[in-house]
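These notes concern the structure reproduced below.
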Amino acid sequence: MATSAPEHTLRITPTGTCRATILFVPPLFEEANRTRRTLVLAMRTLAADGFATFLPDLPGQNESLVPLEQVDLASWQNALAETTAAIDGPLVIASLRGGSLIDHHAKAAAWWRLVPVSGASLLRTLLRARIASDREAGVTSSLESLQTEAATASLLLAGNRLSPTMLAQLATAEVQPVAPLRTVTLGSGADAIIGTPLWLRAEPGEDSAMAEAIAADISAWSATCGIS
């Protein structure tokens, strides 16, 4: 499946010398909308610290003209690899949640991942949201019935119409190893940053303290990878 059409990319550039580029890979589906404002705040903070920052639209998402139903995980992986290939200089890929499922084909000096999640976990969340929506509409559905339907037909899940190929890939997708890699959670400790799980909110939110923490951790991680 897929799509080689160019997609919109939000870019924030530093005013002085550029230290390196940070490319953010957003969470997938509705989680991307719920975290975008905080990611943009983090991008602005990193730009003030001398980094160029990129937040590309994935095919089928946001401003993309590609129907989401024509997209699968493989096409997202390829699109991201093409985007990173066009970036000169040191590059750090910063992926959030399901974005970590599609960042391993790209070329980078380092990777940073926040609360990575398996495709199966994302799919279960989407299916449960569909079941809850069906129940409110007086329709009976179940995980089993939706999974059977997904084998041969596209499904509308939380406002996203996903193809059988996308659904099958999500069911088995796991985060792949890359190096050098820093994996971060929310909370306290050496491998955690402060913040709230914005992807669980019903509406898009903003967490300025989390944005500052994301930027600070990425900046510190890049320095340990020889990017200064």
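The values are calculated or read from the model by the stated rules, or taken from the named source; none is laboratory data. The structure displayed is predicted, hence computed values, not measured ones. Note: ideal-geometry Cβ built from the backbone for every residue, glycine included; neighbour counts use all protein chains shown.
Overview of values
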{"read-out": "Residue within the stretch 48-69 that is touching a helix residue (DSSP H, G or I) at 6+ places or on another chain (Cβ under 8 Å), without any contact (Cβ under 8 Å) to a residue 60 or more places away in the chain and surrounded by fewer than 17 Cβ atoms within 10 Å (Cβ to Cβ) present", "value": "yes"}
{"read-out": "Filter result for the condition that a residue is assigned to a strand (DSSP E or B), closer than 26 Å to Ala223 by Cβ, among the small types (Gly, Ala, Ser) and in the same structural domain as Arg36 (by TED's automatic domain parsing), over Ser100, Ser95", "value": "Ser95"}
{"read-out": "Pairs where the first residue, in the stretch 72-90, is part of a loop (DSSP other than H, G, I, E, B) and the second is of a type in the set (Phe, Trp, Tyr) and at pLDDT 95 or above, C-beta under 9 Å, 6+ apart", "value": "Ile87/Phe54"}
{"read-out": "Count - residues of the stretch 201-213 that are in a helix (DSSP H, G or I) and in contact (Cβ under 8 Å) with a residue 40 or more places away in the chain", "value": "4"}
{"read-out": "Boolean, Arg161 is in contact (Cβ under 8 Å) with a residue 60 or more places away in the chain, over 25 Å from Thr38 (Cα atoms) and among the basic types (Lys, Arg)", "value": "yes"}
{"read-out": "Single match in Ser228, Ser163, Ser118 (criterion: of a type in the set (Gly, Ala, Ser) and over 21 Å from Leu28 (Cα atoms))", "value": "Ser228"}
{"read-out": "Close pairs from the stretch 96-119: first under 16 Å from Ile22 (Cα atoms) and at pLDDT 95 or above, partner of a type in the set (Asp, Glu) and part of a loop (DSSP other than H, G, I, E, B), Cβ under 8 Å, at least 6 apart", "value": "Trp111/Asp103; Arg113/Asp103"}
{"read-out": "Members of the stretch 14-57 found to be in a helix (DSSP H, G or I), polar (S, T, N, Q) and closer than 19 Å to Ser222 by Cβ, listed by number", "value": "Thr45"}
